[in-house]
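Participant: If you scroll down you'll find the structure; I have some questions about it.
Where a number appears in this text, it was derived from the coordinates with a stated rule and is not lab data. Keep in mind that this is a model prediction, so the values were computed, not measured. No Cβ is skipped: glycine too gets one built from the backbone with ideal geometry, and neighbour counts run over all protein chains shown.
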Amino acid sequence: MPLMRIDVIKGHDKEYLKQLMQVSYEVMLDCFGAPEGDRYQILTQHEDFEMNILDTGLGIERTNDVVVFSLTTRPRTEEQKLKFYHDLAEKLEQTIGLKKSDLMINLTTNTDTDWSFGNGIAQFIDGPLK
């Protein structure tokens, strides 16, 4: 159920982008215990001048391979979040060669009343996901 927005700089081939999306989906399923098929991903490609992802003085060097994951999700435990950050960085490095320094993740939590998957109803409140 997390809504995953993925922002990258243009220039990657289709297979790289498909792997990026697939790996992030699999890690999300594993770390958050979401059901199979719970896939809501939006990938947006930008010109290099449209993304300024600095390091907040942390000494993190970024390249044009930088990826920003913004997830909106129901509340998760600190343990789940830390595992997600770690596992996503590890698996993306292993599968597509993304440097861990080029990965930024932001999680925003909300509640069941903040979701409608369609048909004008809140499925977690008055629908089949109660």
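Participant: Which ordering of SER24, SER116 is given by a fewest-first count of other beta-carbon atoms within 10 Å?
Facilitator: Neighbour counts put them in this order, fewest first: SER116, SER24.
Participant: Can you pull out the GluC sites (Glu not before Pro) in region 1-53 whose DSSP state is coil and whose Cβ has at most 12 other Cβ atoms within 10 Å?
Facilitator: Passing both the DSSP loop test and the Cβ count: GLU36, GLU47.
Participant: Sorting GLU79, GLU93 on the 10 Å Cβ count, fewest up front, what's the list?
Facilitator: Sorted ascending by nearby Cβ count, the order is GLU79, GLU93.
Participant: Out of all DSSP beta bridges with both ends in the chain, state the antiparallel percent to the nearest 5.
Facilitator: Of the beta bridges lying entirely in the chain, close to 35 percent run antiparallel.
Participant: Lys and Arg at +1, Asp and Glu at -1: add these up for the other residues within a Cβ distance under 12 Å of LEU92 and post the number.
Facilitator: -3
Participant: Kindly count the pairs of lysines across the chain whose alpha carbons are less than 25 Å apart, treating pairs on different chains or eight or more residues apart as eligible.
Facilitator: 21
Participant: While we're here: Could you compute Rg(Cα) / (2.2 N^0.38 Å) for region 25-124, with N its residue count?
Facilitator: Rg over 2.2 N^0.38 Å, computed on Cα atoms: 1.21.
Participant: Sticking with this one: How far, in degrees from 0 to 90, does helix 78-96 lean away from the longest principal axis of the Cα atoms of the chain, to the nearest 10?
Facilitator: 50
Participant: Expressed as an acute angle from 0 to 90° and rounded to the nearest 10, what is the orientation of the C-alpha long axis of helix 14-32 relative to the principal long axis of the chain?
Facilitator: In the chain, helix 14-32 runs at an angle near 50 degrees to the longest axis.
Participant: For the chain, what is the calculated [θ] at 222 nm in deg cm²/dmol (nearest 500), taking -39500 (n - 2.57) for each run of four or more DSSP H residues and dividing by its residue count?
Facilitator: About -10500 deg cm²/dmol.
Participant: Which cross-chain or sequence-distant (5 or more) residues have an amide H under 5 Å from the amide H of TYR40, H modelled 1.01 Å from N in plane?
Facilitator: It is MET4, by chain and number.
Participant: Still on this model: Could you identify which residue out of THR113, THR73, THR44 has the top mean-square fluctuation in a GNM of the chain using Cα springs shorter than 10 Å?
Facilitator: Among THR113, THR73, THR44, the largest mean-square fluctuation in the Gaussian network model of the chain belongs to THR113.
Participant: Distance between the C-alpha centers of region 52-130 and region 14-50? Whole Å please.
Facilitator: Using only Cα atoms, the two centres lie 9 Å from each other.
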